[in-house]
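Each remark here refers to the structure printed beneath this line.
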Amino acid sequence: MRGVVWLRRDLRLQDQPALTAACAECDEVLLLFVFDEPLLRSRQFGSSCVTFMVSCLVELADTLAERGLSLQWRRGDQLEEVLRFVKTVKAEVVYWNRDYEPAAIQRDQQVQQALMTRGVAVHTFKDHVVFEAEEIRGATGNPLQRYSAYRARWWAKWQAASPPLLPSPLRQRYRRAGTVSPRVVLPTVEELGYQTVPLWIKPGEKEARRRLRWFLNGPIHRYVEGRNLPAIDGTSKLSPQFRFGTLSARTAVHAALGTLATDGVVSRRDVLTWIDELIWREFFQQVLSAFPQVASSPFRIKNGLPQPRRAGAKWNRLYTAWCEGRTGYPLVDAGMRQLNETGWMHNRVRMVVASFLIKDLRIDWQSGERYFMQQLVDGDLAANNGNWQWASATGTDSMPGYRVFNPLLQSRKFDPEGAYIRQYARELAAVPADRIHAPHLMTQDEQALAGCRIGRDYPAPIVDHQQARDEYLALGRHLVTR
Ligand SMILES: Cc1cc2nc3c(=O)[nH]c(=O)nc-3n(C[C@H](O)[C@H](O)[C@H](O)COP(=O)(O)OP(=O)(O)OC[C@H]3O[C@@H](n4cnc5c(N)ncnc54)[C@H](O)[C@@H]3O)c2cc1C
């Protein structure tokens, strides 16, 4: 029997349910990836994300070639291309791992229906998450809206039946082939209509596994504290790998728990806190899956939340300053510049810049969500939307509407020496630590000494935080303040 594995956000060979099933059931397995032309044209994603994806595919194609296999690729409409390919190669069965984005669910239903009417069997698998939305429900069978309740059930489920890992089916199956298949020439990032950007996080399955090992051998054991310090390499930086499925969440959870078996250096609290972040990832996947309307609208319209600022010249000026990292708040600016330069931003800083956009600048959260998607290397609808709705107090489980991050206090607390700020807001490089969080407070002499004139080299604050916060809370009529 000839089978096709349709790859999407599962660009790996290890612990790959669709591939494993195809190899077990078929005499011949073909792997297909379709570059989604309408999605590429939509510009929802940016060059970082596309560069990362292409690089993952190049690595995968090379690994397959070493085993005498080639990665087939097509470009166009996913439905049409999959049907055409299946017909051309006369496949009898198609395998894929499920995706939970509303548009992907609709597309997959169409593909499945069309294949089945042509007599082609379809087998789909859970892969992108450890537990799918339907597996974790509240007592009444409804989807859970609170992270803490979801987390408790997630752990109970893991303890009852942790899903096993699958070895790469290609290792045994194709070692005998002994032939090297010609390298597949994939389209370049430019051919796809984007620009190749230098990648700051190395892509691909091998690198994802290497980074996981490195992280589990060191930073995870200081994670509770380290995860909040943007100046250090204290988090896994695996988010783009999870996004494109070069590493499965199952593998990560098993490996992290595996460190608890070793003596000494391992801190249970740190390891479990890291796994909690993976559970946040699954929580937002289940929110999107259970409430697909969140993709385009707030989960809840809360009475009393201040209306965002109306479009106009002031909106444009404030939004542009935020995007460019020129707000006069060094932590916000360093974060936005890190995003623009590298396609990634530290989580603590993501929270600060999101709060600043929504509450200090009173710009609608969806503009921030869109900008993040276009810049992030790990841009993922569920995680991005979930976190923006969290920050704007419109989500299932949100930060309280009255809580406004103070960018100065956050900066002093989490980047006390200003090392992170100096890395990205380079005009502040010579500003001393006691001035770096609020450089506009420097005297003329201090500015001269630091080689940084406020208003010329670095902007004065575009809004006054205290005033903006008070206005926001005053506009939010029913927000309880503390
Ligand atoms: C406004 C905003 C937008 C965000 N947009 C995205 C996005 O588009 N894609 C994305 O993957 N993450 C997003 N996040 C979540 C988080 O910032 C990143 O997942 C994290 O910074 C990635 O770094 P890491 O891999 O080193 O994380 P680690 O600290 O090592 O955590 C491990 C993994 O857990 C997951 N994770 C961690 N924190 C969160 C979280 N808050 N929500 C969901 N999953 C989480 C990620 O998959 C991450 O790789 C966003 C957060 C905010 C506040």
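The values are calculated or read from the model by the stated rules, or taken from the named source; none is laboratory data. Note that this is a predicted model, so its numbers are computed, not measured. Neighbour counts run over all protein chains shown; Cβ positions are idealised from the backbone, glycine included. Calculation scope for accessible area: heavy atoms of the full protein, side chains included, ligands and nucleic acids excluded. Shrake-Rupley method; radii C 1.70, N 1.55, O 1.52, S 1.80 Å.
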Quiz item: So if we plug the beta-carbon distance of Ala149 and Gln374 into 1/(1 + (r/R0)^6) with R0 = 35 Å, what FRET efficiency do we get, rounded to 0.05?
Solution: 0.55
Quiz item: Under the Karplus relation 6.51 cos²θ - 1.76 cosθ + 1.60, θ = phi - 60°, what is the ordered set of whole-Hz ³J(HN,Hα) values for the stretch 441-447, x standing for Gly and Pro?
Solution: 8, 5, 6, 4, 5, 5, 5
Quiz item: Among Leu57, Val431, Leu212, which residue has its Cα positioned farthest towards the positive end of the charge dipole of the chain, with +1 placed on the Cβ of Lys and Arg, -1 on the Cβ of Asp and Glu, and the dipole taken about the Cα centre?
Solution: Leu212
Quiz item: So who's got an amide H within less than 5 Å of the one on Val5, skipping anything under 5 residues away but keeping other chains? H placed 1.01 Å off N, in plane.
Solution: Leu30, Leu31, Leu32, Tyr95
Quiz item: Where Rh denotes the Kirkwood radius from the mean inverse Cα pair distance, what is Rg over Rh for the stretch 313-475?
Solution: 0.96
Quiz item: Carbon and sulfur: what percent of the chain's accessible surface (1.4 Å probe)?
Solution: 51
Self-check item: Two-site FRET efficiency, His123 against Ile232, from Cβ-Cβ distance with R₀ of 41 Å, rounded to 0.05
Solution: 0.40
Exercise. Among Gly476, Phe35, Pro459, pick out the residue whose Cα is farthest towards the positive end of the charge dipole of the chain, where Lys and Arg carry +1 and Asp and Glu carry -1 on C-beta, about the Cα centre.
Key: Gly476
Practice problem: Compute the relative contact order of the chain as a whole-number percentage, counting only Cα pairs closer than 8 Å that sit 6 or more residues apart in sequence. | Solution: 18
Quiz prompt | Chain lengthening between Ala160 and Leu449 when straightened (0.36 nm per residue, less Cα-Cα) | solution = 97.8 nm
Exercise. Using amide H atoms built 1.01 Å from N in the peptide plane, name the residues 5+ places from Phe125, or on other chains, whose amide H lies under 5 Å from its own.
Key: Trp96, Asn97, Arg98
Self-check item: Tally of Lys pairs whose C-alpha atoms are under 24 Å apart, taken over the chain, 8 or more apart or cross-chain
Solution: 9
Quiz item: Along the stretch 50-65, what does the Karplus equation 6.51 cos²θ - 1.76 cosθ + 1.60 (θ = phi - 60°) give for ³J(HN,Hα), rounded to whole Hz, x for Gly and Pro?
Solution: 5, 4, 4, 4, 4, 5, 5, 5, 4, 4, 5, 4, 5, 5, 5, 4
Exercise. Pull up all non-local amide H partners of Arg75: gap of 5 or more, or a different chain, and H-to-H distance under 5 Å with H placed in the peptide plane.
Key: Phe35
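Exactly which chymotrypsin sites (Phe, Trp or Tyr not before Pro) in the stretch 52-140 are in a DSSP loop and have at most 11 other Cβ atoms within 10 Å? List each step's numbers first, then the result.
Working: sites: Phe52, Trp73, Phe85, Tyr95, Trp96, Tyr100, Phe125, Phe131; in loops: Tyr100, Phe131.
When the chymotrypsin sites (Phe, Trp or Tyr not before Pro) of the stretch 52-140 are filtered for loop state and at most 11 Cβ neighbours within 10 Å, nothing remains.
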Quiz item: Relative to the Cα centre, what is the charge dipole magnitude of the stretch 2-127, using +1 at the beta carbon of each Lys and Arg, -1 at the beta carbon of each Asp and Glu, and rounding to the nearest 20 debye?
Solution: 320
Quiz item: In whole Hz, what ³J(HN,Hα) sequence does the stretch 5-11 give by Karplus (6.51, -1.76, 1.60; θ = phi - 60°), x for Gly and Pro?
Solution: 9, 8, 7, 9, 10, 8, 7
Self-check item: Sorted largest first, extent of the chain alpha carbons per principal axis (Å)
Solution: 76, 53, 50
Quiz item: When the convex hull of the Cα atoms of the stretch 2-127 is projected onto a plane and the area is averaged over all directions, what value comes out in nm²?
Solution: 7.4
